[in-house]
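Trainee: Pasting in a structure now, in structure tokens, and then I'll have a few things to ask.
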Amino acid sequence: MQTNFTLAALADPQMRESEKILRTCVHCGFCTATCPTYLLLGDELDSPRGRIYLIKDMLEGGKQATGEVVKHLDRCLSCLSCMTTCPSGVHYMHLVDHARAHIEHGYTRPLGDRLMRGLLAFVLPYPQRFKLALIAGRLGRPFAPLVRLLPSVGPRLAAMLDLAPSSAPAAPAAQVALPEERRGRVAILEGCAQPALKPSINAAAKRLLARCGVEVVPAPGEGCCGALVHHMGREHDALEFARANVDAWTRLIDNGGLDAILITASGCGTSVKDYGYLLRGDAAYAEKAARVAALAKDVAEYLGGLDWTPAIQPKMTIAYHSACSMQHGQKITDLPKTLLRRAGFVVKDIPESHICCGSAGVYNIMQPDLAGRLRARKQSNIARLKVQAVAAGNIGCIAQLSQKAPAPVVHTVELLDWACGGPRPSGLA
């Protein structure tokens, strides 16, 4: 793609990077075939190629975003399916993130949008606030139909209530003792939403790792990976979360070392693995962030290199839902299914597995209609398989697909822990 940025604009490192990405695009349109919003809406401007044209015009001309541009960029899930499809290697993720930050700095959204986005940024990245919000959500669920009628924010508030679990999560089962022989030392990202929604996930990972002789050490000071606010264009907030995590993990690296930083939510994993890029211009953090990013692994990646043996034969047929952040963001495709089969499960692929379920961070709240249509499409494909459960590696997908689910949705690591002697995952028949 030919570009025409001014020299003054290209003095900005972020603008130079976006210009480089734009020049990589050859207009082929292959991305339209796998874009969920283009699939639903059939509008070129709701495809990656169309959004690239909008971003180019906005950034190249030094323009403030218009309502029309914001509408089409807000509809993007950042599922990154286009990056898997693209034959030219267009790094759409970095381009759309820059565009969203540009919008956030210069565009005044309607009041309802500002209030919702501010509320989500205030609550979701903080576990204790999120836990309180879930309690309020459970109390408010019966009123969702009335809330939906409110102008502007009604459908989004109703979507939040629909996503709130009907009951508090059960306390995780007890941990197991480490054997005398240590085979590794890792940290696990505790995160923000996952501890409030399903603390059993990280508990299962820690039990499974302990059986393998891997020590899990806490990282005081770590928190949200920053992805939730980053995808809303709140660049400053995202970088502050990233720096706090880099500091927390660097202290562990410098005091005893780490074999890996494990992440059990693939959306967070995609973000942490990108810390080196996010903080490349920060002289105080660039090197440390690159070191952290190099150590970051999805829990499935690490388990694939360990010696573990199933204790039971589950004899259960499951479907594997590959989160977009797993298959498109981190390029991890077959490994989780291989691990599940190794544990004794019969694993089926979901038709249209490359199409997003509609979760996408806060997308299912901010774009409830499109997210609902994508969820229904995914659940219809799951129902055709007639499985006993669905495995997934991302808490957002688990929460999204658990609404009116044709089968229980659980984390991959919970199933692996169960097969190796842990408790049966909650919700399984």
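Trainee: Residues of segment 187-216 being farther than 30 Å from Leu120 by Cα, in contact with a helix residue (DSSP H, G or I) (Cβ under 7 Å, 6 or more places away or on another chain) and of a type in the set (A, V, I, L, M, F, W, C), which ones?
Mentor: Passing the criteria: Leu208, Val216.
Trainee: Do we have any residue at all in segment 378-393 that's assigned to a helix (DSSP H, G or I), touching a Leu at 6+ places or on another chain (Cβ under 8 Å) and either crowded, with 23+ Cβ neighbours inside 10 Å or not assigned by TED's automatic domain parsing to the domain that holds Cys357 (or both)?
Mentor: Yes, there is a match, as at least one residue in segment 378-393 is assigned to a helix (DSSP H, G or I), touching a Leu at 6+ places or on another chain (Cβ under 8 Å) and either crowded, with 23+ Cβ neighbours inside 10 Å or not assigned by TED's automatic domain parsing to the domain that holds Cys357 (or both).
Trainee: Further question on the same structure: Show the residue pairs meeting these rules: Cβ distance below 6 Å; 6+ apart or different chains; first residue within segment 1-24 and within 14 Å of Asp97 (Cα to Cα); second residue part of a loop (DSSP other than H, G, I, E, B) and polar (S, T, N, Q).
Mentor: Glu19/Thr3; Leu22/Thr3
Trainee: Condition check: under 17 Å from Ala203 (Cβ atoms), outside the structural domain of Cys192 (by TED's automatic domain parsing) and assigned to a strand (DSSP E or B). Does Val410 satisfy that?
Mentor: Answer is yes for this residue.
Trainee: Mind checking which helices (runs of 4 or more DSSP H) fall wholly inside segment 1-64 and carry at least 1 residues that are in contact with a His (Cβ under 7 Å, 6 or more places away or on another chain), among the polar types (S, T, N, Q) and outside the structural domain of Gly372 (by TED's automatic domain parsing)?
Mentor: Because the criterion is at least 1 residues that are in contact with a His (Cβ under 7 Å, 6 or more places away or on another chain), among the polar types (S, T, N, Q) and outside the structural domain of Gly372 (by TED's automatic domain parsing), the helices (runs of 4 or more DSSP H) in segment 1-64 that meet it are 13-24.
Trainee: Sort out which residues of segment 341-352 are out of contact with any His (no Cβ under 9 Å at 6 or more places or on another chain) and part of a loop (DSSP other than H, G, I, E, B), and write them in order of number.
Mentor: Ala343, Gly344, Phe345, Pro351, Glu352
Trainee: Taking the stated definitions as given, is Ser166 in contact with a helix residue (DSSP H, G or I) (Cβ under 7 Å, 6 or more places away or on another chain) and farther than 25 Å from Trp308 by Cα?
Mentor: yes
Trainee: Take the residues in segment 214-237 that are aliphatic (A, V, I, L, M) and out of contact with any strand residue (DSSP E or B) (no Cβ under 8 Å at 6 or more places or on another chain); name whichever of them is surrounded by the fewest Cβ atoms within 10 Å (Cβ to Cβ).
Mentor: Met232
Trainee: Mind listing whichever residues of segment 253-280 are over 15 Å from the mean Cα position of the chain (by Cα) and not in a loop (DSSP other than H, G, I, E, B)?
Mentor: Those that are over 15 Å from the mean Cα position of the chain (by Cα) and not in a loop (DSSP other than H, G, I, E, B): Ile253, Asp254, Ala260, Ile261, Gly276, Tyr277, Leu278.
Trainee: Looking only at segment 281-302, count how many residues are in a loop (DSSP other than H, G, I, E, B) and buried (at least 16 other Cβ atoms within 10 Å of the Cβ).
Mentor: 1
Trainee: Taking only segment 322-340 into account, find how many residues are within 13 Å of Met83 (Cα to Cα) and either touching a Pro at 6+ places or on another chain (Cβ under 6 Å) or assigned to a loop (DSSP other than H, G, I, E, B) (or both).
Mentor: 2
Trainee: Select from segment 159-206 the residues that are over 23 Å from the mean Cα position of the chain (by Cα) and not in a loop (DSSP other than H, G, I, E, B) and list them in ascending order.
Mentor: Hits for segment 159-206 are Gly184, Arg185.
Trainee: Checking Thr84 against (1) part of a helix (DSSP H, G or I); (2) without any contact (Cβ under 8 Å) to a residue 40 or more places away in the chain; (3) surrounded by fewer than 20 Cβ atoms within 10 Å (Cβ to Cβ): exactly one of these is not met. Which one?
Mentor: Just one mismatch for Thr84, condition (2).
The values are calculated or read from the model by the stated rules, or taken from the named source; none is laboratory data. Source: prediction; values computed, not measured. Every residue, glycine among them, receives a Cβ derived from its backbone with ideal geometry; neighbour counts consider all protein chains shown.
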